[in-house]
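The values are calculated or read from the model by the stated rules, or taken from the named source; none is laboratory data. Because the structure is a prediction, the values reported are computed rather than measured. No Cβ is skipped: glycine too gets one built from the backbone with ideal geometry, and neighbour counts run over all protein chains shown.
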């Protein structure tokens, strides 16, 4: 029986985006976290801190999204995502997938700004399969494969399936006809 997904809390302090994971971090959180991070980085935030002290599980999609955020920060000339209070189990996941080098494993203690956050809010999970959700999963796994050659056999079949499934759904979705908009407004 699958356990329910956890919660991802996001807040800001000065130029830092602070993310706290409680419970399970899964593909349901990947797209919302990716979107919030992109928005925050476009607004000028240049540091991301991640508290994994209460994170009980991370799936590969969520980890791939984290890699993408850290890579984006590095391209901007900023520091890598800073990880706080990571459990031995989650640290082993980072190392097994060969992505620990993309993160700054700072401290076994609390996040630097954990007590100062006053605008923290929970991310809403992506509950429906959408093209954006599927694209996030594909991007996350492609980053994992590009990050470490050992990940290709792990995710090769998954990536092929997801790409085929997304392509099939995109071709099955009917596009609006040329006169549909005009008919809508003619009453």
*Scan region 154-167 and report the pairs whose first residue is assigned to a helix (DSSP H, G or I) and whose second residue is at pLDDT below 90, with Cβ atoms within less than 6 Å and a gap of 6+ or a chain change.*
166/134
*For residue 23, indicate whether it is touching a residue at least 12 places away in the same chain (Cβ under 8 Å), surrounded by fewer than 23 Cβ atoms within 10 Å (Cβ to Cβ) and under 26 Å from residue 89 (Cα atoms).*
yes
*Number of positions in region 35-50 that are over 12 Å from residue 17 (Cβ atoms) and crowded, with 23+ Cβ neighbours inside 10 Å*: 0
_Any residue that is in contact with a helix residue (DSSP H, G or I) (Cβ under 9 Å, 6 or more places away or on another chain) and under 18 Å from residue 137 (Cβ atoms) - is there at least one of those in region 37-46?_
yes
*Restricting attention to region 65-123, report how many residues are under 23 Å from residue 36 (Cα atoms), at pLDDT below 75 and exposed (fewer than 15 other Cβ atoms within 10 Å of the Cβ).*
5
_Residue that is modelled with pLDDT of 80 or more and surrounded by 12 or more Cβ atoms within 10 Å (Cβ to Cβ), where the choices are 169, 163_ = 163
